[in-house]
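K.L.:
Sharing a structure here in structure tokens format.
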Amino acid sequence: MGRAKHPPSPRPLSIAINGRGRSVISSAPDLPPPIAQNERGGTRESRDKETESSSKPIKSTKEKAATMFQSKDKTPKDVKEKKKGSSKCDDEEEDETRRNTNKRGKKGKKSKKKEERPPSPVIEVDNLEEFVLRPAPQGVTIKCKVTRDKKGMDRGWYPTYYVHLDNDKKVFLLAGRKRKKSKTSNYLISIDATDLSRGGENFIGKLRSNLMGTKFTVFDNGANPEKANSDWSNVRQELAAIVYETNVLGFKGPRKMTVLIPGMDEECERVPIRPRNDNDGLLQRWQNKNMENVIELHNKSPVWNDETQSYVLNFHGRVTHPSIKNFQIVHSDDVDYIIMQFGRIADDAFTMDYKYPMCTVQAFAIALSSFDGKLACE
């Protein structure tokens with residue numbers, strides 16, 4: 001008997017190890033049962049979980065996320081005072097509950113269509129600088145598209161990267177570019193696509209690596225500690241740190257990365273981390289196992305597929321092309337909660353999706369770190 005033909009559908013993705021030992025994402029004919037893709041574009045396992053969770057209160061899921069990322073320590077004095085009344089966490093939860101109230105109340109073709117293929121959320125960007133530094137609202141996935149521009153005399157070596165919202169409006173969010181005369185990799189991040197200067201008023205943050213390209217730190221646009229004012233309120237904050245496990249020639253399999261971000265307070269605001277010296281940053285705290293106000297995240301481990309002889313990750317249709325750079329970021333307490341995912345959809349185009357507690361600058365900087373050449377990682 002001939003092999004049955006399957007109807008055309010978006011293929012799931014696997015991480016295959018090529019002859020040189022490098023890990024890339026490639027299309028696979030089928031996935032193992034735990035993450036096999038169904039006709040609706042999701043996984044059998046996730047579809048069952050979605051059906052079960054649809055009857056549960058939405059607030060309970062958000063409370064779990066808020067608790068998972070909340071700092072257990074008291075908020076530092078330099079956190080801005082909040083307005084009296086309910087917290088931002090409560091406001092966002094109530095808003096999201098109202099948005100989803102009618103989903104379970106109405107049965108019909110229209111509601112089924114929404115459940116199968118939920119539309120991208122409508123994102124309002126009133127103040128761009130505030131938006132890109134503000135954590136994503138709970139219950140909302142911010143879907144973005146990253147494009148790489150290699151045109152020009154030196155952009156083959158120093159391309160410019162742009163972030164837009166991945167919807168019909170395609171609102172511009174950020175631009176980033178590697179600085180030319182730096183001893184280590186140093187990327188500037190700006191809220192103006194035409195102004196990527198360090199001294200410009202549109203400078204919003206930067207990404208800096210160590211000499212080997214295995215450790216990265218993300219800063220906002222604050223001042224160097226050497227130029228601090230009396231109360232240190234003008235000093236730059238560390239927004240994230242990324243650590244790539246050394247993996248010479250890729251013999252250890254797919255990339256392994258650790259992401260460190262500041263913890264969240266009771267108001268769902270990021271706890272400011274302003275190192276006073278080189279021994280007080282996110283990387284140093286992590287190395288010294290001082291995790292006060294620090295959240296440790298990891299890339300999601302792929303599953304080995306015996307049939308395709310490759311590692312497998314499911315991006316639910318958001319990633320379509322092979323790349324060593326494709327990854328998903330999760331917390332060890334809940335590996336099904338994808339905080340961020342990034343992957344290729346064309347030669348110079350990528351999707352970048354993120355959720356609470358990340359902001360756009362954090363997600364973009366993490367994505368930029370994956371572009372950078374790493375002497376000891378592959």
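K.L.:
Restricting attention to region 346-365, which residues are outside any strand (DSSP E or B) and free of Cβ contacts under 8 Å to residues at least 60 places away in the same chain? Step through it out loud before you land on a result.
P.N.:
From region 346-365, those outside any strand (DSSP E or B) are 347-348, 355-365; that's our starting set.
Listed by number, the list holds a single entry, Asp347.
K.L.:
Now for a different question. Could you check region 291-310 and list, in sequence order, the residues that are over 23 Å from Asp231 (Cβ atoms), open to solvent by 30 Å² or more (accessible area, probe 1.4 Å) and touching a helix residue (DSSP H, G or I) at 6+ places or on another chain (Cβ under 8 Å)?
P.N.:
Of everything in region 291-310, those that are over 23 Å from Asp231 (Cβ atoms), open to solvent by 30 Å² or more (accessible area, probe 1.4 Å) and touching a helix residue (DSSP H, G or I) at 6+ places or on another chain (Cβ under 8 Å) turn out to be Met291, Glu296, Val303.
K.L.:
Further question on the same structure: From Trp232, Trp286, which residue is farther than 22 Å from Ile189 by Cβ, open to solvent by less than 70 Å² (accessible area, probe 1.4 Å), in contact (Cβ under 8 Å) with a residue 40 or more places away in the chain and not in a loop (DSSP other than H, G, I, E, B)?
P.N.:
Trp286
K.L.:
Let me ask something else. Given Lys150, Lys170, which one is touching a His at 6+ places or on another chain (Cβ under 8 Å) and exposed (fewer than 14 other Cβ atoms within 10 Å of the Cβ)? First the steps, then the outcome.
P.N.:
Numbers: Lys150 fails: touching a His at 6+ places or on another chain (Cβ under 8 Å).
Checking each option against the conditions leaves just Lys170.
K.L.:
Any idea which residue in region 121-140 is farthest from Ile191 (Cα to Cα), counting only those that are part of a loop (DSSP other than H, G, I, E, B) and of a type in the set (Val, Ile, Thr)?
P.N.:
Once the filter is applied, the top-ranked residue is Val140.
K.L.:
Report the residue count in region 313-329 for those that are under 17 Å from Tyr244 (Cβ atoms), among the aliphatic types (A, V, I, L, M) and open to solvent by less than 10 Å² (accessible area, probe 1.4 Å).
P.N.:
We begin by selecting, within region 313-329, every residue under 17 Å from Tyr244 (Cβ atoms); these are 323-329.
After this cut, where a residue has to be among the aliphatic types (A, V, I, L, M) as well, the list is 324, 329.
Filter once more, so that each one left must be open to solvent by less than 10 Å² (accessible area, probe 1.4 Å): 329.
Residues that pass the stated criteria total 1.
The values are calculated or read from the model by the stated rules, or taken from the named source; none is laboratory data. Being a predicted model, the structure only gives us computed values, none of them experimental. Ideal geometry is used to build each Cβ from the backbone, glycine not excepted, and the neighbour counts take in all protein chains shown. With ligands, DNA and RNA removed, areas are computed over all heavy atoms of the protein, side chains included. Shrake-Rupley method; radii C 1.70, N 1.55, O 1.52, S 1.80 Å.
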